[in-house]
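The values are calculated or read from the model by the stated rules, or taken from the named source; none is laboratory data. All values derive from a computational prediction rather than experimental measurement. Counting neighbours? That spans all protein chains shown, and the Cβs are built from the backbone with ideal geometry, glycine included. Heavy atoms of the whole protein, side chains included, go into the accessibility calculation; ligands, DNA and RNA do not. Shrake-Rupley method; radii C 1.70, N 1.55, O 1.52, S 1.80 Å.
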Amino acid sequence: MKIIEIRAMRGPNYWSIWRHKLIVMKLDIDKYEELPTNKIKGFSERLEAMFPGMVEHRCSEEKSGGFFSRVKDGTWIGHVIEHIALEIQTLAGMDTGFGRTRGTGEVATYNIVFSYMEEKVGIYAAKASVRIAEALADGTDYNLEPDIQTMRELREEERLGPSTGSIVQEAMNRGIPYMRLNRHSLVMLGYGVNQKRIQATVSSTTSNIAVELACDKEETKNLLEAASIPIPRGIITHSEEDIDYACKKLGFPLVIKPINGNHGRGATIGIKTLAQAIEAFHLARKISRSVIIEKFITGHDYRLLVINYKLVAAARRTPAAVTGDGKSTILELVDKVNSDPRRGYGHERELTSIKVDEATLNILAEKGLFMYSVLKKGEILFLKATANLSTGGTATDVTDMVHPYNVFMAERISRIIGLDICGIDIMAPDLTTPIIENGGAVLEVNAGPGFRMHIAPTEGLPRNVAEPVIDMLYPPGSPAKIPIIAVTGTNGKTTTTRLIAHIMKTVRYKVGFTTTDGIYIQNRMLEQGDCTGPVSAEFVLRDPTVDFAVLECARGGILRAGLGFHNCDIGIVTNVAEDHLGLKDIHTLEDLARVKAVVPESVLPEGYAILNADDDLVYAMAKGLDCKVAFFSMDENSPRIKRHCRNGGVAAVVEAGYISICKGTWKIRIDKVVNIPLTFSGKAIFMIQNILPAVLAGFLSNVKTEDIRLALETFIPSPTQTPGRMNLFQFKTFQVMVDYAHNTAGFLALAKFLEKIDAKPKVGIIAGVGDRRDEDIVSLGTIAAQMFDEIIIRQDKNLRNRSGEEIIRLLVLGIQQKDEKIPVKIIPTESEAISYAIKNAKKGSFITICSDVVPDALNAIMKYKEEDAEFEMLKEDIPNQH
């Protein structure tokens, strides 16, 4: 078997609108196309033996053991690989359950689709599942454990920690989107100007000064002591020479920890000898140059969590420990504790498995014990110096037991330090009485406190401590998102996108938009090139200056990784026409329509899908949508439009020479077609199909009709506002137009425009696109022969897996099928083709350049235009001269 391609979906996609995290593996199953599972001897038995948990895979049988029944009856190996990929993720602690396997239209080639939790794990699972399936088919031994452990390790490397993950989950529960900004725990909540950031449990509202204070144990102690907060006596030291003095002054037992440490790193408690103190000093120095030596306060280790200056949770922490039974070794006791189903690798479960490390062995050595020593029955042995859950400790929720004085003290401490998310460590006999009375003390104050002990305590009630964090970042009524309008379709996407952005800029929005020529933030191009995929969409949504997003969404990005956002407020589909067929397993117009339908299917329930009622495939997308629908049509008498409006719907039409909004039985005229520059005084009829959805988008976004009209009349087709879209240049004796037309529908629309242009000869510079079918390239040549009196054939910069000679041959074939006598000149380089056409232009001619690298073409034409134009100003030409 051969893996052809693996893609990771990260947003709404062709395979599922709701399941955003999907792996799509294109696989050639080779000889197994003729070998279903019931023809592979012993396959079913080997599969069940390796994966007994697959009995829960119900598959299409909708019953326990359903998948095993399918395997016995005979199914394709691709289907089995899908289920293996899901099961091995489950075994690695990531229970995902969605999968499907579909043919690609090519013999023995399938798309295997399955859900994942962490992308790298999903990709690994895809590859591993093929290896495992081959071993099962061949009857060879296969050790699963290395794969399972590798996936666990990848998960721990890639996943958000439990604290950050809980905040993100709470945000998602409230419909607040998020983006991960790095491989670690930096996360953006919300979009654009309404974004907030978190890193672990430090938020964008957290004071930097407060974090610095909390990280400086000495300054923290000074502030708390000055505020009459009980703290243990301590000494700051930088050298080993001071340790003996500190030990004598403070007296044993002691605690030694780094002054800038957190999460218990480098800390040692219960020190009773000078030798232990020196060893603990060097351990702490690995974390921080300065070390704090404190009197060890006896009692229980408590953590109080304060969020937005209110106590929200409290937990008693206990270090990792084992209890003797009089017969088992310490190692056996550790294994017994780790067999608790609540314990797992890293953060995969509520408790972490206890790991025997150097720190554990040191504790045993101090007590004269070894891993094979046997503890007395009932004897408790602590295996770690600190009570952190990440080292195997446990936590008991005690929130409801905290004395009001201790609540008051904790909230006061958070104000004293200035931390809006604050973890306070206390050592005390209990928290049911004030710690000023029971001899307890505040040990330290932590910025970025862990939430795990509160959201999943070993004992007691779990506390949703992420809830107050989101309440703090987004108080009730405050917005987290910005309006998003997504535009897709075969032709007209870019013009529609740019026009909508112009409408919104007219009413003072700070707009970010993506197009086939670049990414724009407030009218400034920040990235150049085809920017119609999910990465470009995320670029705009991450920008903290943007308060309105208009995103062009092309088929390539949707198929490659899905949309770059979860939902939009308005989704527009301009049309569906033949283009890129035969690529990425999209073979028919119906397949292409399914790709484009991802955009309207992603519209929020209160939002609108704006669909072309004149296009049967686009009109059909309205069925089953959860959002509201608005239509546009070039025909005011369209039965579809009339029926929709009779039912109270909204539509945009052309009627009596006007662009009009129909709302129920009412008509609102926006502007005359001939007054809109994009239509070239009504000659460019196809441009109206771009204007109608843009006008609807503005209207449905509550833009006033007079502002929409102003935007329409100030949106000039030019290299600045619509680069490569009907850009017309008037030379002294001829005209040049640049357009991005590159497919059959685009050429046909251009042909209708050229019919209305009074010019002779009409010269066309055209090219074929390499990733199209032969018949599509031939068709371009045939249409070009109808449009032009003379043709120059050039080559695209990116030939897309074809030779230039082959593309030119197919274009010439199409031209000759229409008119063998039409003059054809072949000049492969676009700049040279433009130069030749302009230098040899005949008087009265109209040159149309169908360009794929628009900026280069426009720069070349502007150069010739500057040379063609003459400017001279005489003194007598100056007005108001005396």
Inset, instruction - Give me the aspartates and glutamates in straight-line cross-link reach of Lys221: C-alpha distance below 20 Å, same-chain residues under 8 apart excluded. - result: Glu212, Asp242, Glu294, Asp301, Glu411, Asp420, Asp425, Glu437, Glu444
Inset, instruction - Beta carbons within 10 angstrom, averaged per residue: use that to sort the peptides 367-378, 227-238, highest first. - result: 227-238, 367-378
Legend entry - Zero-based 5 Å bins, Cα pair distances in the range 565-619, whole percents: 4, 21, 26, 20, 17, 9, 2, 0
Legend entry - Computed log₁₀ I(q)/I(0) - Debye formula, equal Cα scatterers, no solvent, the range 538-632, q 0.20, 0.21, 0.23, 0.24 Å⁻¹: -1.00, -1.08, -1.22, -1.28
Legend entry - In range of the label at Lys839: residues from the range 751-772 whose backbone nitrogen is under 19 Å from the point 7 Å along Cα→Cβ: 763-766
Inset, instruction - Summarise the accessible area of the range 319-369 (1.4 Å probe, protein heavy atoms) by the percent that is carbon and sulfur. - result: 50 percent
Inset, instruction - Excluding residues fewer than 8 places away in the same chain, name every one of the lysines whose C-alpha is closer than 25 Å to that of Lys336. - result: Lys327, Lys355, Lys367, Lys376, Lys377, Lys384
Inset, instruction - Of the listed pairs Lys596/Lys821; Lys196/Lys217; Lys704/Lys865; Lys26/Lys72; Lys31/Lys127; Lys21/Lys797, which have alpha-carbon separations greater than 30 Å here? - result: Lys596/Lys821; Lys704/Lys865; Lys21/Lys797
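Put Asp340, Asp425 in order of accessible area, largest first, 1.4 Å probe: what do you get? The partial results should precede the final answer.
On the way: Asp340 35, Asp425 15 Å².
The ranking, largest first, comes out as Asp340, Asp425.
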Inset, instruction - With +1 on each Lys and Arg Cβ and -1 on each Asp and Glu Cβ, and nothing else charged, work out how big the dipole of the chain is about its Cα centre, in Debye to the nearest 20. - result: 1080 debye
Legend entry - Relative packing of 720-728, 488-496, 37-45, which averages over residues the other C-beta atoms within 10 Å, highest first: 488-496, 720-728, 37-45
Legend entry - Solvent-accessible area per residue, Å², over the chain with all protein chains present [probe radius 1.4 Å]: 44 Å²
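Please report the projected area of the range 1-138's Cα convex hull averaged over all directions, in nm². Numbers along the way, then the final one.
On the way: hull surface 30.6 nm².
Mean orientational projected area (the range 1-138, Cα hull): 7.6 nm².
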Legend entry - With eigenvalues of the C-alpha gyration tensor scaled by 5 and rooted, the range 777-840, Å: 18, 17, 8
Inset, instruction - For helix 774-787, report the angle its Cα long axis makes with the longest principal axis of the Cα atoms of the chain; keep it between 0 and 90° and round to the nearest 10°. - result: 40 degrees
Legend entry - Mean separation of Cα contacts under 8 Å (6+ apart) over length of the range 436-562, as relative contact order %: 22 percent
Legend entry - Inverse of mean 1/r across different Cα pairs in the range 633-749, Kirkwood, Å: 15.4 Å
Legend entry - Relative packing of 695-708, 381-394, 524-537, which averages over residues the other C-beta atoms within 10 Å, highest first: 381-394, 695-708, 524-537
Inset, instruction - Over all alpha-carbon pairs of the range 238-390, lay out the pair-distance distribution in 5 Å bins, whole %, shortest bin first. - result: 2, 8, 15, 18, 18, 16, 12, 7, 3, 0, 0
Legend entry - Rg(Cα) / (2.2 N^0.38 Å) computed for the range 1-75, rounded to two decimals: 1.33
Inset, instruction - Take every DSSP beta bridge whose two residues both sit in the chain, then give the antiparallel share in percent to the nearest 5. - result: 65 percent
Legend entry - Those aspartates and glutamates that a straight Cα-Cα span of less than 19 Å connects to Lys628, excepting residues fewer than 8 apart in one chain: Asp569, Glu601, Glu606, Asp614, Asp615, Asp616
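Which value at 222 nm does the chain reach when only helices count, each DSSP H run of 4 or more adding -39,500 (n - 2.57), with the total divided by all residues and rounded to the nearest 500 deg cm²/dmol? Could you put the intermediate results ahead of the total?
Numbers: 30 runs with 308 residues, N = 882.
About -10500 deg cm²/dmol.
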Legend entry - Taking only Cα atoms of the range 393-452, radius of gyration then Dmax in Å: 11.5, 30
Legend entry - Extension gain (nm, one decimal) between Leu331 and Glu870, 0.36 nm per residue minus Cα-Cα: 184.8 nm
Inset, instruction - With the Cα gyration tensor of the range 539-590 in hand, give its eigenvalues times 5 under a square root as the equivalent ellipsoid semi-axes, listed largest first in whole angstrom. - result: 27, 13, 8
Legend entry - Volume of the Cα convex hull of the chain, divided per residue and given in Å³: 250 Å³
Inset, instruction - Among Thr516, Leu710, Leu351, flag the residue with its Cα farthest along the positive direction of the charge dipole of the chain, charges on Cβ as +1 for Lys/Arg and -1 for Asp/Glu. - result: Leu710
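Quick check: convex hull over the Cα atoms of the range 339-489, volume per residue in Å³, rounded to an integer?
223 Å³
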Inset, instruction - With an 8 Å cut-off on Cα pairs and a minimum separation of 6 or more residues, tell me the relative contact order of the range 1-90 in percent. - result: 23 percent
Legend entry - Net dipole in debye of the range 378-516 [+1 Lys, Arg Cβ; -1 Asp, Glu Cβ; about Cα centre; nearest 20]: 1520 debye
Legend entry - Dipole axis of the range 372-525 (+1 Lys, Arg; -1 Asp, Glu on Cβ), positive-most option in Met453, Asn406, Thr496: Thr496
Inset, instruction - With no solvent and one equal point scatterer per Cα, compute the Debye intensity ratio I(q)/I(0) for the range 699-842 at 0.09, 0.11, 0.20 Å⁻¹ and report its log10, rounded to two decimals. - result: -0.33, -0.48, -1.26
Legend entry - the range 547-669, accessible surface, carbon-and-sulfur percent (1.4 angstrom probe): 51 percent
Legend entry - 5 Å binning of all Cα-Cα separations within the range 91-250, expressed as whole percents from 0 upward: 1, 7, 10, 11, 11, 10, 9, 9, 8, 7, 5, 4, 3, 2, 1, 0, 0
Legend entry - Projected area averaged over orientations for the range 415-541, convex hull of C-alpha atoms, nm²: 13.7 nm²
Inset, instruction - Compute the Kirkwood hydrodynamic radius of the range 578-647, taking the inverse of the mean of 1/r over all pairs of distinct Cα atoms, and give it in Å to one decimal. - result: 13.1 Å
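How much of the accessible area of the range 402-460, in percent, comes from carbon and sulfur atoms when a 1.4 Å probe is used?
55 percent
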Legend entry - Spacing of the two label points (7 Å from each Cα toward its C-beta) at Leu710 and Tyr372, in nm: 8.8 nm
